Amino acid sequence: MSNVMKESRRTTLTDEELLIGLSDGSDSALQQLYRQYFPMVLHFVTSNSGSEDDAKDIYQEALIVVYEKVRAGSLALQCQLKTYLYSVGRRLWLKQLAQRGRYMVSDTEQSVRVDEDMTDHEERDRQFELMAESLDRLGEPCRTLLEDFYIRHLSMQAITDKFGYTNSDNAKTQKYKCLMRLKRLFFAEYKQ
Amino acid sequence: MGTNDEQEIENALRAYGDRIRLRQKLAAVQAAVDMDDMRQQADELRPEPAPMRSWWTTYRTTLAVAASVAVVTTFTSIFVYRSYQNGHQQQQQQYSQLSKEIQAVKSSQRRILNDLDGHGRALNAAVASAQIAGTGFMLTSDGYLVTSNHTVRDADSVYVQSQQGAVYKARVVYNDQPHDLAILQLCDDSAFRQALTTVPYGVDPRPSDLGERVFTLGYPRDEIVYGEGYLSSATGYQGDSTAYQVAIGVNPGNSGGPLLNEKGNLIGIISGKQTTAEGVSFAVKTDYLLKTINSIPTDSLKGQPLRLNKKNTLTTLPRKQQIKRMMACVYQVSVFKHRQ
């Protein structure tokens, strides 16, 4: 891994390249994102009564926010990526502090307003939690079947073999039935 | 079940999967990050430390001076404020009521209670932590006494103790706050009935003249104490026309004691003294004692009228004999309060 790190240190990606890399899950982009901006968030969180682990969680969450916005095609950066990441991390940490009954002491960087983005993110958070719950309630073999296909991206053939279905059509039918059950579980809660 | 619905759930599922996979990836990248390097970089973002140190070295002396000035100022202000407050308090406390607050004299309290008969001892447990003592004296031979109102104010129970050491429970019949008088009645007690003593003194409601020789008996301590002096002014503290100023040595505990003239006539009831001057004491005039007695509602007397003794048996007696006769009707008043 250290070799890879040294290798990637030589290349410096622009904000745009970093965003594309993030949405593709490129290792070098992710590494650079950590190298370049994590110290800033680490500094902010630890200056405001947080621990190193808190900072790691907050930065990971901030990257997820950016990633999901890029994937949804709704990211329109009006500022540097650095400022945006700081603003998102700041908001996330403020929420944590509020839950712990404490207050922010000091800003360590300039920040921009990210209120709407955070509302979107909270909505996605809710969806995520709900999906985890729905999958739990779905039971086996449906859960593994769906996870294999949609999350682990196994091919239909691999799934047919793994679950011992007679052919891939049969597997597709099973997958469809499972998906419909999941849909009922998920939307029963979500659309309320 | 349209394709639309199917796509919606598929999208939600994919988004869910994407987040999970990104998290895993980020966790892996994070684990590989050189945290020492990150910490160092984060520390470099802290602008304060270096300038702070040089600032500290530059202004250390100034700060020390400023701090000492602050300390001196603070304590001086506190001192000045305190002394002002003390002065102020002294003014307020120039008049001191002569009831005696006893906190530490547990032993005397115990002694009094030991003298009580059986039912009195049962009260022992209920006795409160704060005790106030004063003096009272008999108005009638059938159990009415007078004392200072400030002695028995807010009392939970009142006991009186004779010079011989007999203890009786008393109830407060009437409070006269403006004149600082209170009328007590001994609770029905056969022991007292047997020891009936006549009231030897007479009551003189007329204003007494300045220079009249007076004496008093009271309980500034557990023993009865005699004191004598003279009437020094026709008005009391701050021109209070209901009281006399008396040049007599009295102390806390004397409150409620009788003030008698040479002929053995009651001319006042000891109420307080001026703390800023020696031998300046005050006594409520008997005229107001009579007014107080007249204003007691008949209901409070429970069918036992309060009739003052008219006959003075002390007039012709020498002082020592007067004192002996008087002693029998001067009581120590002990007040028990339950602390809230």
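Where a number appears in this text, it was derived from the coordinates with a stated rule and is not lab data. Fair warning: this is a prediction, and the values are worked out from it, not measured in the lab. Cβ placement follows ideal geometry from the backbone for every residue including glycine, while neighbour counts extend to all protein chains displayed.
Which of A:Leu185, A:Leu146, A:Asn167 sits closest to the plus end of the dipole of region A:119-190, meaning its Cα is farthest towards the positive end, when Lys and Arg get +1 and Asp and Glu get -1 on the C-beta?
Of A:Leu185, A:Leu146, A:Asn167, it is A:Asn167.
Where the only charges are on Cβ atoms (+1 Lys, Arg; -1 Asp, Glu), what is the dipole of region B:148-295 about its Cα centre, to the nearest 20 debye? Mind showing how you got there, number by number?
Numbers: 11 positive and 16 negative charges, 36 e Å.
For this selection, approximately 180 debye.
Remind me, relative contact order of region A:2-112 in percent, using alpha carbon pairs under 8 angstrom and six or more residues apart?
Numbers: 88 pairs, mean separation 27.6, N = 111.
This gives 25 percent for region A:2-112.
About the Cα centre of the protein assembly as shown, how large is the charge dipole given +1 on each Lys and Arg Cβ and -1 on each Asp and Glu Cβ? Please answer in debye to the nearest 20.
Working: 63 positive and 62 negative charges, 540 e Å.
It works out to roughly 2600 debye.
Which value, in debye to the nearest 20, describes the size of the charge dipole of region A:2-112 about its Cα centre when Lys and Arg Cβ atoms bear +1, Asp and Glu Cβ atoms bear -1, and nothing else is charged?
Details: 13 positive and 14 negative charges, 44 e Å.
Computed about the Cα centre, the dipole is about 220 debye.
By DSSP, what percent of the beta bridges with both residues in the protein assembly as shown are antiparallel, rounded to the nearest 5?
Taking every DSSP beta bridge with both residues in the protein assembly as shown, the antiparallel ones total about 95 percent.
Within chain A, how many Lys pairs that are eight or more residues apart, or on different chains, come under 18 Å at the alpha-carbon?
9
Putting +1 on Lys and Arg Cβ atoms and -1 on Asp and Glu Cβ atoms, find which of A:Tyr86, A:Ser51, A:Leu63 reaches farthest to the positive end of the dipole of region A:2-112.
Towards the positive end, the residue furthest out is A:Ser51.
Cysteines of the protein assembly as shown lacking any other cysteine beta carbon under 4.7 Å?
Singleton cysteines: A:Cys79, B:Cys187, B:Cys329.
Relative to the compact globular guide of 2.2 N^0.38 Å, what is the alpha carbon radius of gyration of region A:34-192, as a ratio? Intermediate results must be reported in sequence, preceding the final value.
On the way: Rg = 20.4 Å, N = 159, 2.2 N^0.38 = 15.1 Å.
Rg over 2.2 N^0.38 Å, computed on Cα atoms: 1.35.
Of B:Leu231, B:Asn309, B:Gly272, which is farthest on the positive side of the dipole of region B:193-340, counting Cα position, with +1 on Lys and Arg Cβ, -1 on Asp and Glu Cβ, and the Cα centre as origin?
B:Asn309
Mean projection of the alpha-carbon convex hull of region A:43-117 over all orientations, in nm²? Don't jump to the answer; show the numbers that get you there.
Working: hull surface 19.3 nm².
Its average projected convex-hull area is 4.8 nm².
Tell me the net charge near B:Val284. Cut-off is 12 Å between Cβ atoms, B:Val284 excluded, with +1 for each Lys or Arg and -1 for each Asp or Glu. Spell out each step's value before the answer.
On the way: positive: B:Lys285, B:Lys291; negative: B:Asp176, B:Asp180, B:Asp240, B:Asp287.
Here the charged neighbours net out to -2.
Roughly how many nanometres apart are two label points built 7 Å out from the Cα toward the Cβ at A:Thr14 and A:Ser168?
Label-label distance for A:Thr14 and A:Ser168, simple model: 4.1 nm.
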